[in-house]
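Have a look at the structure below before the remarks.
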Amino acid sequence: DTAVSQTPKYLVTQMGNDKSIKCEQNLGHDTMYWYKQDSKKFLKIMFSYNNKELIINETVPNRFSPKSPDKAHLNLHINSLELGDSAVYFCASSRQGLGGANVLTFGAGSRLTVL
Amino acid sequence: KNEVEQSPQNLTAQEGEFITINCSYSVGISALHWLQQHPGGGIVSLFMLSSGKKKHGRLIATINIQEKHSSLHITASHPRDSAVYICAGGADGLTFGKGTHLIIQP
């Protein structure tokens, strides 16, 4: 059983399109995250949700909108895709509270390519 | 300047060597994380520590809170240890280092 699962694993799309990446965790964790890893492999937090509530919202264009229907799911919707959005997006979860003091479990990543 | 700095950026060593990767941070942290990212791309949490030292198999992580410095050591390194090692710290969200690309040659 995969602990944190993301779909799709690969996504190739045209500029201007809208796409979503889904994330589900079966660990019973309270907090979920989205991270972006750019072409230089640098990881950066985008969003964090704790029990369906937005906790962290880093400087991310408002074309990116996270949605958490329940604490086991955190989906990422991206409008009007741009070339610079091409990256690997990682979902993660942790037991409770915020990521600073909790072990993170990562999904396998979703590689987004915008043409 | 990144708030979490790692060194070296790249490290190539021979199988069996003792490996040290360093991490210095300027952010306030609740804990310091060491992550491993394999060539296939998946990220695994190795350690989370807020003081002292932790050991798991051949991996050892230490942290000095006063000096804001952490080290990851690998004893008896093996080619399967080849990966990118990332340190991260923070109070709320995590700030990541740029990673250390480690290659262990047979």
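The values are calculated or read from the model by the stated rules, or taken from the named source; none is laboratory data. Treat the numbers as computed from the prediction; the structure is a model and nothing was measured. Don't worry about glycine lacking a Cβ; one is built from the backbone with ideal geometry, like all the others, and counts go over all protein chains shown.
Can you tell me which residue among A:M15, A:M32 is within 30 Å of B:Y25 (Cα to Cα) and either out of contact with any helix residue (DSSP H, G or I) (no Cβ under 6 Å at 6 or more places or on another chain) or assigned to a loop (DSSP other than H, G, I, E, B) (or both)? Show your work before the answer.
Working: A:M15 fails: within 30 Å of B:Y25 (Cα to Cα).
Only one candidate qualifies: A:M32.
Just to verify a result, which residue in region A:35-49, among those that are not in a strand (DSSP E or B) and not charged (D, E, K, R), is modelled with the lowest pLDDT?
Step one: list which residues in region A:35-49 are not in a strand (DSSP E or B), which gives A:38-42.
With the extra rule that they be not charged (D, E, K, R), the set shrinks to A:39, A:42.
Details: A:S39: 86, A:F42: 90.
Going through the qualifying residues, I end up with A:S39.
Please find, within region A:50-83, the residue that is nearest to A:L104 (Cα to Cα) out of those that are acidic (D, E) and at pLDDT 90 or above.
In the first step, residues of region A:50-83 are kept if they are acidic (D, E); the result is A:53, A:58, A:70, A:82.
Checking the rest, the ones that are also at pLDDT 90 or above come to A:70, A:82.
Working: A:D70: 19, A:E82: 29 Å.
Out of the qualifying residues, it is A:D70.
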Note to self: Just to be sure before I move on: is B:L102 in a strand (DSSP E or B), at pLDDT 95 or above, within 25 Å of A:Y89 (Cα to Cα) and among the aliphatic types (A, V, I, L, M) in the structure I sent?
What the structure shows: yes
Notebook entry, point to check: What is the number of the single condition among (1) touching a strand residue (DSSP E or B) at 6+ places or on another chain (Cβ under 6 Å); (2) within 24 Å of A:L115 (Cα to Cα); (3) within 14 Å of chain B (Cβ to nearest Cβ) that A:F47 does not meet?
Noted result: (2)
Next item on the list: Search region A:103-115 for residues that are in a loop (DSSP other than H, G, I, E, B) and pair each with any residue that is not hydrophobic (A, V, I, L, M, F, W, C) when their beta-carbon atoms are under 6 Å apart and the residues are at least 6 apart or on different chains.
Entry: A:V103/B:S45; A:L104/A:S94; A:L104/B:S45; A:G107/A:Q6; A:A108/B:G42; A:G109/B:G41; A:L115/A:Q14
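Can you tell me which residue within region A:50-63, out of those that are farther than 14 Å from A:G84 by Cβ and away from chain B (no Cβ under 11 Å), is surrounded by the fewest Cβ atoms within 10 Å (Cβ to Cβ)? Show your work before the answer.
Here is the first cut: in region A:50-63, the ones farther than 14 Å from A:G84 by Cβ are A:50-58, A:62.
Applying the additional criterion that residues be away from chain B (no Cβ under 11 Å) yields A:51-54, A:62.
On the way: A:N51: 12, A:K52: 15, A:E53: 10, A:L54: 11, A:N62: 7.
Result: A:N62.
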Notebook entry, point to check: If you check A:L74 against the conditions, is it without any contact (Cβ under 8 Å) to a residue 60 or more places away in the chain and over 25 Å from B:Y25 (Cα atoms)?
Noted result: yes
Notebook entry, point to check: Is it the case that region A:71-93 has a residue that's under 30 Å from B:L49 (Cα atoms), away from chain B (no Cβ under 11 Å), assigned to a loop (DSSP other than H, G, I, E, B) and within 15 Å of the chain's Cα centre (by Cα)?
Noted result: yes
